[in-house]
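A.B. asks: So that we are looking at the same thing, I have put the structure below in structure tokens.
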Amino acid sequence: MAQASVFDQILNPANRANPYPLYADLRRTPVSRADDGSYVISTYAEIVRLLHDPRVSSDRRNLADCGLAVENEGAPGLPPSFIGVDPPEHDRVRRLLTRHFGPPHDPDRIVRMLPDLVEIVRNLIDNFAGRNEVDLVDDLAYPFPVTVICRLLGVPREDEPRFRVWADAVVEAVDPTTGDVAIRQRRRDQANAELGRYLGELADARRDHPGDDMLSELVTDDGPEGRLSREALMANAALLLIAGHETTVNLITNGMLTLLRHPHVRQRLRRQPEMAVRVVEELLRYEPPVQFLPNRCALDQIDVAGTTIPRGAPIILVLAAGSRDPEHVSDADRFDPDREYLEHLGFGGGIHYCFGAPLARPETQIALTELVQRLENPRLVTDPPPYRPNPLLRGPRHLPVRFDSIVPSAALGDRRVFPAGRNEM
Ligand code: HEM
């Protein structure tokens with residue numbers, strides 16, 4: 001039997017707990033051809049080049065020409081969201097949404113949310129009281145980001161549980177462990193349809209009675225680019241939920257796992273919460289939730305690192321391999337938040353650079369700082385923990401953690417872990 005290509009070995013769930021030695025193998029050939037004809041790019045410089053190359057398309061309508069199966073990611077009948085289109089359409093929609101997400105038009109959106117973020121995490125940790133073991137995925141990392149997106153969009157509190165059900169169904173659809181494929185996809189399509197319908201109705205209600213949330217601002221915006229159509233609004237609001245959910249779950253979980261494996265860093269973070277900025281940045285490099293970007297297509301012949309990628313070929317950018325490229329960063333397999341140079345590919349790059357990064361960063365900084373401060377003597381129950389089989393959005397399915405007791409939140413006082421700098425990118 002032929003030996004599986006290195007990339008195929010990376011896809012194998014048996015290698016999920018530690019794919020990094022395989023990424024090192026992969027980097028020996030910066031541009032390699034996978035068994036299915038995709039071109040796999042694994043070195044930092046080459047990935048950055050292609051992330052910025054307009055001949056590399058993300059447009060879902062081109063993917064079929066590249067021989068890639070295109071699944072309808074959003075609600076049936078809605079236009080593709082902006083992650084799946086190229087300029088100029090991509091840029092127009094992204095600019096429209098950005099006006100209500102951060103500088104220069106709404107510089108305080110995230111800052112206004114920070115006290116809420118702290119409160120949500122504190123309440124989740126308060127629920128640990130009386131226990132000596134929790135699952136950090138189910139008990140904290142999973143419920144936190146979905147609640148945050150609800151607050152961002154202005155979903156009324158009583159409807160938040162419905163969002164969790166939809167988020168679960170969408171996430172389950174990409175997780176091969178959770179039962180029959182056809183059933184999962186049916187549940188996902190149904191969830192997407194309900195989510196789209198719900199967001200459409202919420203947008204209509206906000207048009208008549210606007211609040212301080214992002215959806216209200218989007219439906220009443222008469223800025224230079226005009227308004228988003230109702231359908232585009234539904235598709236792109238759903239994207240925020242989907243793109244911002246499991247990624248953040250995994251960063252928080254991978255983060256706590258890494259801190260439990262590096263007790264010195266955990267103890268320093270406990271004493272110096274301002275270190276959270278560097279810890280989260282290094283985590284995005286060292287244990288990134290998005291391991292690679294599939295769904296790219298060469299619109300033209302592209303020469304890179306001595307290889308010619310033919311027009312019409314699918315391209316896979318292996319961000320996790322690039323961020324540990326020793327040509328880019330020294331001692332790349334060491335978790336070191338003190339390193340001078342903290343550039344990474346954790347949020348991608350180029351025009352599709354993560355839209356939600358200014359929110360994901362403080363979310364994770366707050367979650368990790370609160371956890372290390374409040375759990376007395378935390379320790380892992382199993383190492384490695386069980387992983388979801390998903391090779392792309394990689395993270396533990398469960399993270400059981402034992403501890404002696406919980407420090408009451410009142411003992412911590414006001415939390416200020418939101419330094420400037422990276423959060424403003
Ligand atoms: C730790 C958490 C997160 C990680 C690691 C992450 C990672 C990424 C990556 C790698 C991309 C690039 C995709 C591509 O080039 O095809 C991306 C794009 C995107 N992310 Fe995130 N993300 C996170 C959190 C969030 C959050 C919280 C939101 C929403 C509030 C969000 C919304 C988006 C959107 C809308 C895009 C598409 C941007 C575009 O196409 O221009 N992400 N993210």
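The values are calculated or read from the model by the stated rules, or taken from the named source; none is laboratory data. Computed from a predicted structure; not experimentally measured. So basically every Cβ, Gly included, is an ideal-geometry build from the backbone, and we count neighbours across all protein chains shown. Each accessible area value is taken on the protein alone, full model and side chains, heavy atoms only, with ligands, DNA and RNA left out. Shrake-Rupley method; radii C 1.70, N 1.55, O 1.52, S 1.80 Å.
A.B. asks: So between residue 36 and residue 3, what do we pick up on full extension, going 0.36 nm a residue minus the alpha carbon distance?
C.D. replies: Additional length available on full extension: 10.5 nm.
A.B. asks: If eta is 1.306 mPa s and T is 10 °C, what Stokes-Einstein diffusion coefficient results for segment 250-364, Kirkwood Rh from Cα pairs, in µm²/s?
C.D. replies: In µm²/s, the coefficient rounds to 102.
A.B. asks: At most 16 other Cβ atoms within 10 Å plus a DSSP loop assignment makes a site exposed; report the longest stretch of the chain without any exposed GluC sites (Glu not before Pro).
C.D. replies: 72-224
A.B. asks: Another one. Using only Cα atoms, figure out Rg for the chain and give it as a multiple of 2.2 N^0.38 Å.
C.D. replies: Details: Rg = 21.2 Å, N = 425, 2.2 N^0.38 = 21.9 Å.
Here the answer is 0.97, to two decimals.
A.B. asks: What Cys residues in the chain have no fellow cysteine's beta-carbon under 4.7 angstrom?
C.D. replies: Here 150, 354 come out as lacking a disulfide-compatible partner, given the Cβ-Cβ threshold of under 4.7 Å.
A.B. asks: While we're here: Based on the alpha carbons, how large is the Rg to Rh ratio for segment 278-425 when Rh follows Kirkwood?
C.D. replies: 1.04
A.B. asks: Once both labels are modelled 7 Å past Cα along the beta-carbon direction, what's the residue 261-residue 212 spacing in nm?
C.D. replies: About 4.1 nm separates the two model spin labels.
A.B. asks: GNM, the chain, Cα, under 10 Å: largest mean-square fluctuation among 157, 207, 99?
C.D. replies: 157
A.B. asks: Out of segment 262-335, which trypsin sites (Lys or Arg not before Pro) are coil in DSSP terms and have no more than 12 other C-beta atoms within 10 Å?
C.D. replies: When the trypsin sites (Lys or Arg not before Pro) of segment 262-335 are filtered for loop state and at most 12 Cβ neighbours within 10 Å, 334 remain.
A.B. asks: Right, something else. Keeping all protein chains in place, calculate the accessible area per residue for the chain (probe 1.4 angstrom), answer in Å².
C.D. replies: Normalised by residue count, the accessible surface of the chain is 42 Å².
A.B. asks: Considering only 127, 62, 390, give the residue with the highest GNM mean-square fluctuation for the chain, with springs between Cα atoms whenever their separation is below 10 Å.
C.D. replies: 127
A.B. asks: While we're on this one: How large a share of the accessible area of segment 182-284, in percent, is made up of carbon and sulfur atoms when the probe is 1.4 Å and the other protein chains stay in place?
C.D. replies: 50
A.B. asks: Let me ask something else. All other residues with a Cβ under 15 Å from the Cβ of residue 36 taken together, and with Lys, Arg as +1 and Asp, Glu as -1, what is their net charge? Working shown, then result.
C.D. replies: Working: positive: 33, 296; negative: 8, 35.
Summing Lys/Arg as +1 and Asp/Glu as -1 gives 0.
A.B. asks: Once the Cβ-Cβ distance between residue 17 and residue 334 is put in as r, and R0 is 25 Å, what FRET efficiency do you end up with, to the nearest 0.05?
C.D. replies: That gives a FRET efficiency of 0.85.
A.B. asks: Another one. What helices in the chain pass both tests, a Cα length along the helix axis of 18 Å or more and a mean Kyte hydropathy of 0.5 or higher, using whole DSSP H runs?
C.D. replies: Long hydrophobic helices here: 109-126, 230-261.
A.B. asks: I've got another one for you. I want the local charge near residue 384. Using Cβ-Cβ distances under 14 Å, sum +1 for each Lys or Arg and -1 for each Asp or Glu among the other residues.
C.D. replies: Computed value for this residue: +3.
A.B. asks: Let me ask something else about it. FRET efficiency for residue 351 and residue 158, Cβ-Cβ distance as r, R0 = 35 Å, nearest 0.05? If you can, show how the numbers build up before the last one.
C.D. replies: Values: r = 38 Å, r/R0 = 1.08.
In this case the efficiency is close to 0.40.
A.B. asks: If you add up the charges near residue 89, with Lys and Arg at +1 and Asp and Glu at -1, over every other residue whose beta carbon is less than 13 angstrom from its beta carbon, what do you get?
C.D. replies: Summing Lys and Arg as +1 and Asp and Glu as -1 gives +1.
A.B. asks: Continuing with the same structure: Where in the chain is the longest stretch that carries no chymotrypsin sites (Phe, Trp or Tyr not before Pro) classed as loop by DSSP and with at most 13 other Cβ atoms within 10 Å? Could the numbers behind the result be given before it?
C.D. replies: Values: sites that count: 341, 353.
Of all site-free stretches, the longest is 1-340.
A.B. asks: Could you look at segment 331-412 and say what percent of its accessible area is carbon and sulfur, using a 1.4 Å probe and all protein chains?
C.D. replies: The computed percentage sits at 51.
A.B. asks: Quick check on segment 111-183: take the gyration tensor over C-alpha atoms, sort the square-rooted eigenvalues as a ≥ b ≥ c, and tell me if it's rounded (a/c under 1.5), prolate or oblate.
C.D. replies: Oblate, since a/c reaches 1.5 and b/c is not below a/b.
A.B. asks: Now, a different point. For segment 94-143, what % of the accessible area comes from carbon and sulfur atoms, probe 1.4 Å? Spell out each step's value before the answer.
C.D. replies: Details: 1190 of 2220 Å².
Accessible surface attributable to carbon and sulfur in segment 94-143 totals 54 percent.
A.B. asks: Let me know the charge dipole size of the chain about its Cα centre in debye, to the nearest 20, where only the beta-carbon of Lys, Arg (+1) and Asp, Glu (-1) is charged.
C.D. replies: For this selection, approximately 540 debye.
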